[in-house]
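Data block below; observations after.
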Amino acid sequence: DAAVAYLGRAVHYSPQNALFQAYFGVALYKSDEKNRHKAESAMQTAVKLDPKNAKIRMILVDFLIDQKMMKRAEGELKRFLELVPNNKEASSLLAKVRG
């Protein structure tokens with residue numbers, strides 16, 4: 001819960017920081033599953049801010065997989081691989097999501 005407050009404050013003061021947004025989303029979701037929509041919104045914002053950042057994209061994909069949204073996870077991975085075609089982690093995860 002403390003992480004949510006601190007990361008929320010970080011996002012407030014630096015809304016263009018993609019990592020702050022991504023980790024805020026994770027903290028929201030981990031603190032209370034009822035926050036999943038707010039969490040996803042923060043993660044989506046992070047992806048929009050830094051679309052080529054593998055760490056941020058994997059945070060969103062892991063969330064989607066955890067929520068059993070496999071088609072959306074697959075779409076995120078495909079979009080990421082269009083931007084960064086040689087990312088082995090994303091390619092491997094895409095194969096798992098499809099299989």
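Just so you know, all these numbers are worked out from the coordinates, no wet-lab data involved. Just so we're clear, the structure is a prediction, and the values are computed from it rather than from any experiment. Here Cβ is always computed from backbone atoms with ideal geometry, including for glycine, and neighbour counts include all displayed protein chains.
Tell me the trypsin sites (Lys or Arg not before Pro) within region 1-93 that lie in a loop according to DSSP and have at most 12 other beta-carbon atoms within 10 Å. Before the final figure, lay out each step's value.
Numbers: sites: 9, 30, 34, 36, 38, 48, 52, 55, 57, 68, 71, 72, 78, 79, 88; in loops: 52, 68.
Of the trypsin sites (Lys or Arg not before Pro), the ones in loops of region 1-93 whose Cβ has at most 12 other Cβ atoms within 10 Å are 52, 68.
Taken along its principal axes, the alpha carbon cloud of the chain reaches lengths of 37, 25, 16 Å, longest axis first.
Put a dot 7 Å past the Cα of residue 48, heading toward its Cβ, do the same for residue 9, and the two dots end up 2.6 nm apart.
Calculate, in nm to one decimal, what residue 33 and residue 96 gain on full extension: separation in residues at 0.36 nm each, minus their alpha carbon distance.
Length gained, residue 33 through residue 96: 20.2 nm.
Taking 0.36 nm per residue of sequence separation and removing the Cα-Cα distance, the residue 62/residue 84 pair yields an extension gain of 6.1 nm. Here the dipole of region 33-99 is about 120 debye; that uses its Cα centre as origin and unit charges on the Cβ of Lys and Arg (positive) and Asp and Glu (negative). Since only 24, 91, 43 are under comparison, the one whose Cα sits farthest along the positive direction of the charge dipole of the chain, derived from C-beta charges on Lys, Arg, Asp and Glu, is 91.
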